[in-house]
Amino acid sequence: MIQPGRRILIVDPDTGMAEEFRAMFRAKSYDVEVCGGLTDAIMILRNAKFGCVVMDVRLPELMGYEAVPILRAIEPSLAVILTTASNTKEIEDRARREGIHYYYIKSFDRKELEQAVDSLFQAGAKLRRGPS
């Protein structure tokens, strides 16, 4: 059963990878939508609230780290996790400058990505409930 407030938007032009991520997060009871690029992500974000965007660094329109400010103009509190198939120091530096929540290299264990998303939503739930 999907719990309220656990919505993830996956933005990845690699449909196989996007579907793998979708299945992984749905198995953990997240509500997941998938799209292939920035244009679709903008339309989706204008019509629905998401707690997190998991976005590839290489989008058809531009680099994912360049898309972060555009998405945050729509939803300022949006948590972003950037993913990449091939890491470079330059991409990592540019991505981190955008204040992303997590930077995930796709060749790493998927558990790492799951934990990053879980911790993001757990922290958000604690903020909504207030201090213990």
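Looking across ARG94, ARG72, ARG46, ARG7, one residue alone is within 18 Å of LEU113 (Cβ to Cβ) and not aromatic (Phe, Trp, Tyr). It is ARG7.
Does region 47-67 hold any residues that are touching a Lys or Arg at 6+ places or on another chain (Cβ under 9 Å) and either under 19 Å from MET17 (Cβ atoms) or surrounded by fewer than 16 Cβ atoms within 10 Å (Cβ to Cβ) (or both), and which are they? Spell out how you get there, then give the answer.
Step one: list which residues in region 47-67 are touching a Lys or Arg at 6+ places or on another chain (Cβ under 9 Å), which gives 48-52, 56-57, 63-66.
Within region 47-67, ALA48, LYS49, PHE50, CYS52, ASP56, VAL57, MET63, GLY64, TYR65, GLU66 qualify.
If you go through region 18-29 and keep only what is within 27 Å of GLU92 (Cβ to Cβ) and at pLDDT below 95, you end up with just LYS28. Screening region 38-132 for helices (runs of 4 or more DSSP H) wholly inside it with 3 or more residues that are at pLDDT 90 or above and not basic (Lys, Arg) returns the ranges 38-47, 64-74, 110-129. Taking each residue of region 32-46 that is over 15 Å from ALA18 (Cβ atoms) and looking for partners that are of a type in the set (Val, Ile, Thr) and surrounded by fewer than 17 Cβ atoms within 10 Å (Cβ to Cβ) with beta-carbon atoms closer than 8 Å, six or more apart or interchain, yields ILE42/ILE70; ILE42/ILE74; LEU45/ILE74; ARG46/ILE74.
The values are calculated or read from the model by the stated rules, or taken from the named source; none is laboratory data. What you see is a predicted model, and the numbers here were worked out from it, not measured in a lab. Glycine also receives a Cβ, built like all others from the backbone with ideal geometry; neighbour counts cover every protein chain displayed.
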